[in-house]
Amino acid sequence: MNDASIAVTGLGLVTAAGIGAEASWAGVCSGVSTAAHAPALAGLPVDIACTVPDFSANKLVGRRSSLSHDRFVQLAIVAAREAVADAGLDPDTWDGARVGVVVGCGLGGVSTWEQQHRKLMETGATSVSALLIPMLVPNMVAGHLAMDLKATGPNFVTATACASGATAIGTALSLLRDDVCDVVITGGAEAGVSPLIVTGFAQMGALSRRLDDPGAASRPFDVDRDGFVVGEGSGILVLEREADARARGAKVRAKVAGYGASADAFHMTQPDPEGRGVKQATRMAMTAAGVGPDDVDHVNAHGTSTPLNDQTEAAVLRDLLGHRAAVTSTKGVVGHTLGAAGAIEAALTVLTIENSTVPPTANLANQDPKVELDIVTGAPRAQRTEVALSNSFGFGGQNAVLVFTSA
Amino acid sequence: MTSPMYDTLVDLLVTRFEVDRAEISPEVTFEDLDMDSLFLVELLVVIQTETGVEISEDTASPRDTIGHAAEAIAAQVLEATAAKSS
């Protein structure tokens, strides 16, 4: 069963570009960045972010959600319900014991943590919420999806920083191929637009300082890029063995054909300048998918808009794939959603394949001459895409590469 | 027949726990309002902060009515105030 073909039968998205896959896809294809000044960050050295607009948790998730779920869980619940409905599956009738949940998350409930820490300091221990711990632990996102979807199979969170969502999807493949599950709800969720987290990234020098023009701040592969913009959101995929999916008459949206993972073992936060770990993961994923360099039509790059990442990633892609693949970074529009990024980009890669359309990289006015790749910019490009890579790299040197193929 | 503590409790449920005022009556249980034991602990934390009186964790359970809980909390507040003034 180890080489069973794995189908994507449903997907859900909540991003700064919109709530729902349709709104998110339209926003990403518009090529217009969602970065803006964020009220939660007012007065801080970096006060811009890509936040999900008009997200009413009590309306979208349910009664008292704002009291019992941190935002990263709320975003995931909305994305997961969309994905399951899209797959034509019904939690009231499925065999929940055969449904697994694997979700990537880099941070957990950081906003709750910060609010409650403030209470502890300002008004004392007795004012700290009894719901603090269940709201902040990162694994709670998988726990809540289990409760919401009556999914009692294996249930856990993967944490590989900004690769977490891709690691989750890659890990989900094993649960299906080993016949532990028939369905896996997988993806990522993150809500890191909090004063402490954004300031922490700012102190590292990782964030764009283009505060006078937030819409132009996230500009992957542009020569004037100066860092990323923190985003938030969730992307969830429903995966099944292709044979099962076809047997039940489900729509196969795309296939997850390969997964590669590696560690740089080089530096806490800097990518290995030689890109050895990234190359290793990419080769592993392509070998698993049985595809060669000339087969790859498209890459949804990690493309964070930091000087170092984009240059190193571009060099690796150039080295491994040449100039043929149409490359894009959707972080120009939705920002860097950290632990959710790999999953959101995986879902967008599926949509790219399905729609034969590669979304543009926002704000790419002057391509960095060191980036010798065919980067899609300006407008979406109509292009048949049969094989696509989705790259995700995390602080800690953790790399995850997924290969998607058309149905 | 309602008490000042009952009115306080209702206000807290509405303002801090997003309960619809129309759903609340002295005979309604916390369970009826989808409030489990964790929410109840949280409610007691809030009351403690508001009144400055330590309320024991077993003062109310999800199956108790709002009216009963209000009485039990009021009794503890009264006891604490009496202890302070004696």
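Structure values in brief
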{"item": "Verdict on residue A:76 being of a type in the set (Gly, Ala, Ser) and either touching a residue at least 24 places away in the same chain (Cβ under 8 Å) or not assigned by TED's automatic domain parsing to the domain that holds residue A:153 (or both)", "result": "yes"}
{"item": "Subset of region B:69-86 (residues that are more than 9 Å from the chain's Cα centre (by Cα) and under 20 Å from residue B:13 (Cβ atoms))", "result": "B:75, B:76, B:77"}
{"item": "Region B:37-63, residues that are over 10 Å from the mean Cα position of the chain (by Cα), of a type outside the set (A, V, I, L, M, F, W, C) and more than 8 Å from chain A (Cβ to nearest Cβ)", "result": "B:37, B:50, B:51, B:52, B:56, B:57, B:58, B:61, B:62, B:63"}
{"item": "Sole exception among (1) within 23 Å of residue B:84 (Cα to Cα); (2) more than 13 Å from the chain's Cα centre (by Cα); (3) surrounded by 15 or more Cβ atoms within 10 Å (Cβ to Cβ) for residue B:19, by number", "result": "(1)"}
{"item": "Matching option when the condition is closer than 30 Å to residue A:184 by Cα, in contact (Cβ under 8 Å) with a residue 60 or more places away in the chain and among the hydroxyl-bearing types (Ser, Thr, Tyr), among A:56, A:5", "result": "A:5"}
{"item": "Pick from region A:61-71, criterion at the interface with chain B (Cβ under 8 Å from one of its Cβ atoms) and hydroxyl-bearing (Ser, Thr, Tyr), ranking: surrounded by the most Cβ atoms within 10 Å (Cβ to Cβ)", "result": "A:68"}
{"item": "Only listed residue being under 20 Å from residue A:231 (Cα atoms) and modelled with pLDDT of 95 or more, chosen from A:101, A:52, A:84", "result": "A:52"}
{"item": "Single residue of region A:347-358 satisfying the filter (touching a helix residue (DSSP H, G or I) at 6+ places or on another chain (Cβ under 8 Å) and more than 17 Å from residue A:235 (Cα to Cα)) that is surrounded by the fewest Cβ atoms within 10 Å (Cβ to Cβ)", "result": "A:355"}
{"item": "Search result, residues across region A:27-70 that are within 29 Å of residue A:143 (Cβ to Cβ) and touching a Phe, Trp or Tyr at 6+ places or on another chain (Cβ under 8 Å)", "result": "A:64, A:67, A:68"}
{"item": "Selection within region A:4-20 - in contact with a Gly (Cβ under 6 Å, 6 or more places away or on another chain) and buried (at least 24 other Cβ atoms within 10 Å of the Cβ)", "result": "A:13, A:14, A:15, A:16, A:17"}
{"item": "Helices (runs of 4 or more DSSP H) contained in region A:195-314 and holding at least 2 residues within 20 Å of residue A:398 (Cβ to Cβ)", "result": "A:195-204, A:276-289"}
{"item": "Test for residue A:44: is it away from chain B (no Cβ under 14 Å) and touching a helix residue (DSSP H, G or I) at 6+ places or on another chain (Cβ under 7 Å)", "result": "yes"}
{"item": "Given (1) within 14 Å of another protein chain (Cβ to nearest Cβ); (2) over 27 Å from residue A:66 (Cβ atoms), index of the condition residue B:30 fails", "result": "(2)"}
{"item": "Long-range neighbours under 9 Å by Cβ, at least six apart or interchain, first residue more than 14 Å from chain A (Cβ to nearest Cβ) within region B:1-26, second of a type in the set (Ser, Thr, Tyr)", "result": "B:8/B:51; B:10/B:2; B:25/B:65; B:26/B:2; B:26/B:6; B:26/B:65"}
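So that you can scan it fast, the table gives a plain yes or no per residue for (1) in contact with a strand residue (DSSP E or B) (Cβ under 7 Å, 6 or more places away or on another chain); (2) over 18 Å from residue A:126 (Cβ atoms); (3) among the hydrophobic types (A, V, I, L, M, F, W, C):
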position	(1), (2), (3)
B:14	no, yes, yes
B:18	no, yes, no
B:25	no, yes, no
B:48	no, no, no
B:52	no, no, no
B:63	yes, yes, no
B:67	no, yes, no
B:80	no, no, yes
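This table checks each residue for (1) in contact with a Pro (Cβ under 7 Å, 6 or more places away or on another chain); (2) more than 14 Å from every other protein chain (Cβ to nearest Cβ).
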| site | (1), (2) |
| --- | --- |
| A:73 | no, yes |
| A:96 | no, yes |
| A:103 | no, yes |
| A:114 | yes, yes |
| A:122 | no, no |
| A:146 | no, yes |
| A:154 | no, yes |
| A:173 | no, yes |
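The values are calculated or read from the model by the stated rules, or taken from the named source; none is laboratory data. This structure is a prediction, so every number in the text was calculated from the model and none was measured. Glycine also receives a Cβ, built like all others from the backbone with ideal geometry; neighbour counts cover every protein chain displayed.
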